[in-house]
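J.: Quick one: structure below, then a few questions.
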Amino acid sequence: MTLNGWLQIILILAAVVAFAIPLGAFMGRVFAGERTVLTPILGPVERGFYRLAGIDPAREQGWLAYTLAMLAFNAAGFVLLYAILRAQAFLPLNPQGFSGLSPHLAFNTAVSFVTNTNWQSYGGETTMSHLSQMAGLTVQNFLSAATGIALAVALVRAFARSGAQTVGNFFTDMTRATLYVLLPLAIATGLWQVSMGTPQTLEASATVQTLEGQPQTLALGPVASQLAIKQLGTNGGGFYNANAAHPYENPTPLSNALTIWQMLVVSTALVFAFGRLIGDRRQAVAILSVMGLLLVSATAICYWAESAGTPVLAAAGLDPTGGNMEGKEVRFGLSASSMFAAVTTGLSDGAVNSMHGSFTPIGGMVPMVLIMLGEILPGGVGSGLYGILVIAIISVFVAGLMVGRTPEYLGKKIEAKEMKMAVLAILILPATILGFSAVSAVLPAALSGLGNAGPHGLSEIYYAYTSAAGNNGSAFGGLSANSPWWNTTLGLAMLLGRFAYIVPMMAIAGSLVAKTKLAPSAGTFPTHGPLFVGLLAGIILILGGLQFFPALALGPIAEQVQMLAGKTF
């Protein structure tokens, strides 16, 4: 590890926080229904959408109606995207002449983009037409991200309101998230990306002459417009198969820094918006402290592991001082690659600028563990915030048990119903990951897709289902997932990881919003100080350790021991 590498990491994080503070204040005003600087421009557009859709933005919904509206909207999005992917051969803007996707691949891809997962069992530049990329995938990048933001805002309102029956209007929240937050940021950062060399064209390709004097065809398309929202919305699905390692999708170290900033800024700003909406910014600082502490720690472990290199590479004659550069881009180096890996999995983004399967076993375990923890550091847009608030509920319940008092969080008593729903929500991830992994580890149809044997092959299985159930979308590498088994089961894991978590979370919101908000008393456990920060961080790590350590011991930890012994599979 070098001072220069750490300075890069610190500068990017500082830029994120510096922009997230005013953005969070702006988002707080947007979702409180207050006037903003964009209201004169976008207000008429917003009202026009409501009139066209027949929506009354002032008519709020209870938690069940809010949840059903969200489910119906996303189901319609799935059907439309599936139809586009199956029929793309007959649709316009297909200069490459690509055929439609197979039923199982279309199912997997439609589920993937609707659930904000963006797992890709295909190479974008060799599979997707321009229409599929723009009208299908990019549209869902906006809508799935807006859905996550809307759900987080609904939960925050449940804490902020007292004795109420409604948590907002899903269609209003989603429209405002798209129109006032995601779209302006995507336009601005997309143009910046174009200025650094990212293509934005309807041309299919360009033929160039290489240095060897041979012609080479380079795939082109509307890359920048998809790239901007894929990062801002923590979607992660790339236009190219190589994702953010591709020189058109991520051409320079500056574009790499911008990409990391894009991934973090909206999720971080949502935490500040949370503090504004509940009227207590200290709570936002406490939540963000936990996120920052664990994310920086994970980045440090990954950076250290990759800088240490491997005995096998050293024995092959490579200079050990260069660390483990296998699977990484030289233009980014170890620090930016390690930070990207931690950020993209601490979030639910899933974009990659290096191949996680080529990391050292411990370095590759870091992104896997970050997804297993629930992707709450700081997590996907919206999903990270409501995910860590569910764990905060569990944390204050544990604190209440230790001191013998009824637990409270943000003035709301946490009782049996909230705890049952919280436990149900957090069990979805381990049950889905470990259940599907156990079957795939013994099923020939699944094992035929593995590229490696031994612990590394087991890590490929773990990572695939972890990425799917965690709605991350990044790939470990080495797994040939475009088969009926993998496409179908990964699609089911995505659905469970997204919607089976959301329903109990919204039930919690419905229960909390009806409760009277209590004033702090002498016996109230403070949730804005260092003690709560330590408790919340500890609960996150304990839950992750208890659920996944045995599986990790058979995968990356066993591989690390083998590597140190100089053995490979």
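Residue by residue, here is whether (1) buried (at least 24 other Cβ atoms within 10 Å of the Cβ); (2) aromatic (Phe, Trp, Tyr); (3) more than 29 Å from THR345 (Cα to Cα); (4) touching a strand residue (DSSP E or B) at 6+ places or on another chain (Cβ under 7 Å) holds:
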| site | (1), (2), (3), (4) |
| --- | --- |
| LEU93 | no, no, yes, no |
| ALA110 | yes, no, no, no |
| ASN116 | yes, no, no, no |
| TYR122 | no, yes, no, no |
| HIS130 | no, no, no, yes |
| MET134 | no, no, no, yes |
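J.: Taking helices (runs of 4 or more DSSP H) that fall entirely within segment 207-322, which contain at least 2 residues that are within 23 Å of the chain's Cα centre (by Cα)? It would help to see each step written out before you state the result.
T.: Values: elements: 223-232, 253-278, 281-308, 311-315.
Here the list reads 223-232, 253-278, 281-308.
J.: Please go through (1) within 23 Å of ASN235 (Cβ to Cβ); (2) in a loop (DSSP other than H, G, I, E, B); (3) of a type outside the set (Asp, Glu) for PRO57 and return the number of the only condition it doesn't satisfy.
T.: With respect to (1) within 23 Å of ASN235 (Cβ to Cβ); (2) in a loop (DSSP other than H, G, I, E, B); (3) of a type outside the set (Asp, Glu), PRO57 is out only on (1).
J.: Still on this model: Going residue by residue through segment 277-297, is there one that turns out to be closer than 24 Å to GLY357 by Cα and surrounded by 21 or more Cβ atoms within 10 Å (Cβ to Cβ)?
T.: Of segment 277-297, the ones closer than 24 Å to GLY357 by Cα are 294-297.
Narrowing further to those that are surrounded by 21 or more Cβ atoms within 10 Å (Cβ to Cβ): 294-295.
Within segment 277-297, one or more residues are closer than 24 Å to GLY357 by Cα and surrounded by 21 or more Cβ atoms within 10 Å (Cβ to Cβ).
J.: Among the numbered criteria (1) surrounded by 11 or more Cβ atoms within 10 Å (Cβ to Cβ); (2) in a helix (DSSP H, G or I), which one does PRO40 miss?
T.: Looking at each condition in turn, PRO40 falls short on (1).
J.: Separate question: Conditions first: (1) in a helix (DSSP H, G or I); (2) polar (S, T, N, Q); (3) surrounded by 23 or more Cβ atoms within 10 Å (Cβ to Cβ). THR126 passes all but one, so which condition is the exception?
T.: (3)
J.: Here's another thing I want to ask about it. Right, ALA551: of a type outside the set (Val, Ile, Thr), touching a residue at least 12 places away in the same chain (Cβ under 8 Å), more than 22 Å from GLY163 (Cα to Cα) and in contact with a Leu (Cβ under 7 Å, 6 or more places away or on another chain) or not? Before the answer, list the steps.
T.: Working: of a type outside the set (Val, Ile, Thr): yes; touching a residue at least 12 places away in the same chain (Cβ under 8 Å): yes; more than 22 Å from GLY163 (Cα to Cα): yes; in contact with a Leu (Cβ under 7 Å, 6 or more places away or on another chain): yes.
So ALA551 fits the description; yes.
J.: Kindly indicate which of GLN214, GLN200, GLN226, GLN165 is out of contact with any strand residue (DSSP E or B) (no Cβ under 9 Å at 6 or more places or on another chain) and free of Cβ contacts under 8 Å to residues at least 60 places away in the same chain. Show your work before the answer.
T.: Numbers: GLN200 fails: out of contact with any strand residue (DSSP E or B) (no Cβ under 9 Å at 6 or more places or on another chain); GLN226 fails: free of Cβ contacts under 8 Å to residues at least 60 places away in the same chain; GLN165 fails: free of Cβ contacts under 8 Å to residues at least 60 places away in the same chain.
When all the criteria are applied, what remains is GLN214.
J.: Among the residues of segment 72-91 satisfying the criterion of being of a type in the set (Phe, Trp, Tyr) and surrounded by 16 or more Cβ atoms within 10 Å (Cβ to Cβ), which is nearest to GLY221 (Cα to Cα)?
T.: Start the filter on segment 72-91 by keeping residues that are of a type in the set (Phe, Trp, Tyr), which leaves 73, 78, 82, 90.
Restricting the remaining residues to those that are surrounded by 16 or more Cβ atoms within 10 Å (Cβ to Cβ) gives 73, 78, 82.
Numbers: PHE73: 29, PHE78: 24, TYR82: 21 Å.
So, considering only residues that are of a type in the set (Phe, Trp, Tyr) and surrounded by 16 or more Cβ atoms within 10 Å (Cβ to Cβ), the one nearest to GLY221 (Cα to Cα) is TYR82.
This table checks each residue for (1) of a type outside the set (Lys, Arg); (2) at pLDDT 95 or above; (3) surrounded by fewer than 24 Cβ atoms within 10 Å (Cβ to Cβ); (4) not in a helix (DSSP H, G or I).
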residue: PRO378; (1), (2), (3), (4): yes, no, no, yes
residue: ALA392; (1), (2), (3), (4): yes, yes, no, no
residue: PHE397; (1), (2), (3), (4): yes, no, yes, no
residue: GLY400; (1), (2), (3), (4): yes, no, yes, no
residue: SER437; (1), (2), (3), (4): yes, yes, yes, no
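J.: Just a yes or no: is a residue in segment 130-153 touching a helix residue (DSSP H, G or I) at 6+ places or on another chain (Cβ under 8 Å) and part of a loop (DSSP other than H, G, I, E, B)?
T.: For segment 130-153, residues touching a helix residue (DSSP H, G or I) at 6+ places or on another chain (Cβ under 8 Å) and part of a loop (DSSP other than H, G, I, E, B): absent.
J.: While we're on this one: Would you pick out the residues in segment 76-127 that are within 24 Å of the chain's Cα centre (by Cα), over 15 Å from LEU137 (Cα atoms) and among the hydrophobic types (A, V, I, L, M, F, W, C)?
T.: Once the filter is applied, which keeps residues that are within 24 Å of the chain's Cα centre (by Cα), over 15 Å from LEU137 (Cα atoms) and among the hydrophobic types (A, V, I, L, M, F, W, C), segment 76-127 yields nothing.
J.: Do you know which of the residues in segment 323-353 that are of a type in the set (A, V, I, L, M, F, W, C) and assigned to a helix (DSSP H, G or I) is nearest to the chain's Cα centre (by Cα)? Spell out the reasoning first.
T.: Here is the first cut: in segment 323-353, the residues of a type in the set (A, V, I, L, M, F, W, C) are 325, 330, 332, 334, 336, 339-343, 347, 351-352.
Then drop every residue that is not assigned to a helix (DSSP H, G or I), which leaves 334, 336, 339-343.
Working: LEU334: 22, ALA336: 18, MET339: 15, PHE340: 13, ALA341: 12, ALA342: 11, VAL343: 9 Å.
That would be VAL343.
J.: When you scan segment 515-531, do you find a residue that is at pLDDT 95 or above, in contact with a helix residue (DSSP H, G or I) (Cβ under 7 Å, 6 or more places away or on another chain) and either farther than 29 Å from LEU313 by Cβ or polar (S, T, N, Q) (or both), even just one?
T.: no
J.: While we're on this one: Which numbered condition trips up THR234, out of (1) over 28 Å from GLY28 (Cβ atoms); (2) crowded, with 24+ Cβ neighbours inside 10 Å; (3) of a type outside the set (A, V, I, L, M, F, W, C)?
T.: Unmet condition: (1).
J.: Does any residue in segment 359-377 that is of a type in the set (Ser, Thr, Tyr) come within less than 8 Å, Cβ to Cβ, of a residue that is crowded, with 24+ Cβ neighbours inside 10 Å and assigned to a helix (DSSP H, G or I) six or more places away or on a different chain, and which pairs are these?
T.: Qualifying pairs under 8 Å: THR360/GLU306.
J.: Which of the residues that make up segment 357-376 are in contact with a Phe, Trp or Tyr (Cβ under 6 Å, 6 or more places away or on another chain) and surrounded by fewer than 24 Cβ atoms within 10 Å (Cβ to Cβ)? I'd like the intermediate steps shown before the answer.
T.: Here is the first cut: in segment 357-376, the residues in contact with a Phe, Trp or Tyr (Cβ under 6 Å, 6 or more places away or on another chain) are 357, 368, 372.
The one that is in contact with a Phe, Trp or Tyr (Cβ under 6 Å, 6 or more places away or on another chain) and surrounded by fewer than 24 Cβ atoms within 10 Å (Cβ to Cβ): GLY357.
J.: To continue, here is another question. If a residue has to be farther than 17 Å from GLY363 by Cα and loosely packed, with under 15 Cβ neighbours inside 10 Å to count, how many in segment 315-339 make the cut? Can you show your working first?
T.: Step one: of segment 315-339, the residues farther than 17 Å from GLY363 by Cα are 315-319, 330-331.
Filter once more, keeping what is loosely packed, with under 15 Cβ neighbours inside 10 Å: 315-317, 319, 330.
Number of matching residues: 5.
J.: Restricting attention to segment 161-177, does a residue exist that is closer than 29 Å to SER483 by Cβ, out of contact with any Asp or Glu (no Cβ under 7 Å at 6 or more places or on another chain), of a type in the set (Gly, Ala, Ser) and not in a helix (DSSP H, G or I)? Before the answer, list the steps.
T.: To start, the set of residues in segment 161-177 that are closer than 29 Å to SER483 by Cβ comprises none.
Within segment 161-177, none of the residues are closer than 29 Å to SER483 by Cβ, out of contact with any Asp or Glu (no Cβ under 7 Å at 6 or more places or on another chain), of a type in the set (Gly, Ala, Ser) and not in a helix (DSSP H, G or I).
J.: Given (1) more than 21 Å from LEU182 (Cα to Cα); (2) surrounded by fewer than 17 Cβ atoms within 10 Å (Cβ to Cβ), where does THR67 come up short, assuming only one miss?
T.: (2)
J.: I've got another one for you. Can you name the residue in segment 440-455 that is touching a residue at least 24 places away in the same chain (Cβ under 8 Å) and among the aliphatic types (A, V, I, L, M) and is also surrounded by the most Cβ atoms within 10 Å (Cβ to Cβ) among such residues?
T.: Of the residues in segment 440-455, the ones touching a residue at least 24 places away in the same chain (Cβ under 8 Å) are 440, 443, 445-446, 448-455.
With among the aliphatic types (A, V, I, L, M) added as a condition, the list becomes 443, 445-446, 450, 453.
On the way: LEU443: 12, ALA445: 12, ALA446: 21, LEU450: 18, ALA453: 10.
For segment 440-455, the residue satisfying everything is ALA446.
J.: I would also like to ask the following. Can you find even one residue in segment 513-535 that is touching an Asp or Glu at 6+ places or on another chain (Cβ under 7 Å), touching a residue at least 24 places away in the same chain (Cβ under 8 Å) and β-branched (Val, Ile, Thr)?
T.: yes
J.: With the requirement that a residue be assigned to a loop (DSSP other than H, G, I, E, B) and without any contact (Cβ under 8 Å) to a residue 24 or more places away in the chain, what does segment 79-101 give you?
T.: Our first condition is that a residue be assigned to a loop (DSSP other than H, G, I, E, B); within segment 79-101, this holds for 87, 91-101.
ALA87, GLY97, SER99, GLY100 - these are the residues of segment 79-101 that are assigned to a loop (DSSP other than H, G, I, E, B) and without any contact (Cβ under 8 Å) to a residue 24 or more places away in the chain.
J.: Quick test for you: out of LEU68, LEU64, LEU93, pick the one residue that is over 29 Å from VAL153 (Cα atoms) and among the aliphatic types (A, V, I, L, M). Quick ask: steps written out before the conclusion?
T.: Numbers: LEU68 fails: over 29 Å from VAL153 (Cα atoms); LEU64 fails: over 29 Å from VAL153 (Cα atoms).
Exactly one of LEU68, LEU64, LEU93 is over 29 Å from VAL153 (Cα atoms) and among the aliphatic types (A, V, I, L, M), namely LEU93.
J.: Restricting attention to segment 436-470, which residues are in contact with a His (Cβ under 8 Å, 6 or more places away or on another chain) and farther than 27 Å from PHE499 by Cα? Even if it seems obvious, please write down each step before you answer.
T.: Residues of segment 436-470 in contact with a His (Cβ under 8 Å, 6 or more places away or on another chain): 463.
Matches in segment 436-470: none.
The values are calculated or read from the model by the stated rules, or taken from the named source; none is laboratory data. Just so it is clear, the structure is predicted and the values come from calculations on it, not from any experiment. Ideal geometry is used to build each Cβ from the backbone, glycine not excepted, and the neighbour counts take in all protein chains shown.
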